[in-house]
Structure formats: C-alpha cells, structure tokens
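Report on the following structure.
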Amino acid sequence: MARRRRRPPRNGPPRRGTQPLLDARPAATLDLHGFRATEIENAIRNFLATWQRRAPGRVVHVVTGKGRGSERGPVLRPAVRRLLELEGQALASEWSPDLDGGGYLIRLR
C-alpha cells in the first residue's frame, strides 16, 4: 500500500528543501535590525495591527536577520518565532520563515 506524504505544518517552518508556505509579494516590511529583544513585541504588534486595518488578508515581511552579528547568537529571530508561536493565531492567519531564513512572512487576518 502506498504511503501518504505528510504536509508541512500550516503555521511554522516548512521542511528543508521546500518553498515557504507564503509566496505572495509582501505588502509591507518591518526591519528589526537595531531593535532590542525587549522592544520587538510591541513593534510587531503595532506593525501587524496597522497593516491588518490597511490591508487585511495580505502578506507582510518581518526581517530579523540571521543573528550572525550577535556575540551570543541569534536573538531577534527566536524572539519573533516565540511570539508567533504563542500569539500567532491572534496576530495572523498563517506564517512561515522567508526563503533566506532571515525573517518571517506573515499573512494578516
């Protein structure tokens, strides 16, 4: 009997070697370079709330960088991921990492 292929999860990263789940052109971009980890939650919430009013259902891009400039490793990318995992359903209908792994594509509610 043939085995069924499992689909990648709707929210979260796709499996290695696959395209991101969201391939639409972003309506807006929030670049978090220069932000501190304590500042990003409010910045993301405000950005998403603003764009939910302006363009509901569209995709936005949150750029975190890969964390190569941090002495102790990535800070922003894991913090954004935690926020999306904990509050993702309230903030967005779906999300996935971007192609280069330096940010997230988020579909607004």
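The numbers here are math on the coordinates, done by the rules we state, and not lab data. What you are looking at is a predicted structure, and each value in this text was computed from that prediction instead of being measured. Please note: Cβ atoms are built from the backbone with ideal geometry, for glycine as well, and neighbour counts cover all protein chains shown.
Restriction of the GluC sites (Glu not before Pro) in the stretch 62-109 to DSSP coil positions whose beta-carbon has at most 13 other beta-carbons within 10 angstrom yields E71. The magnitude of the dipole of the stretch 28-108, with charges of +1 and -1 set on the Cβ of Lys/Arg and Asp/Glu and taken from the Cα centre, is near 80 debye.
Here K66 and R109 are evaluated by their C-beta separation; at R0 = 22 Å the FRET efficiency comes out at 0.20.
Figure the gain on full extension for R54 and E85 (residue separation times 0.36 nm, minus the Cα-Cα span) and round it to one decimal in nm. Before the final figure, lay out each step's value.
Values: separation 31, 0.36 × 31 = 11.16 nm, distance 2.37 nm.
Result for the pair: 8.8 nm of gain on full extension.
Taking every DSSP beta bridge that has both ends in the stretch 28-108, the antiparallel portion is near 70%. Couplings 3J(HN,Hα) of the stretch 96-109, computed from phi: 7, x, 6, 4, 8, x, x, x, 9, 9, 10, 8, 6, 6 Hz, in residue order, whole Hz [Karplus 6.51 cos²θ - 1.76 cosθ + 1.60, θ = phi - 60°; x for Gly and Pro]. Of the trypsin sites (Lys or Arg not before Pro) found in the stretch 39-87, the ones in coil according to DSSP and having at most 16 other Cβ atoms within 10 Å of their Cβ are R58, K66, R68, R72.
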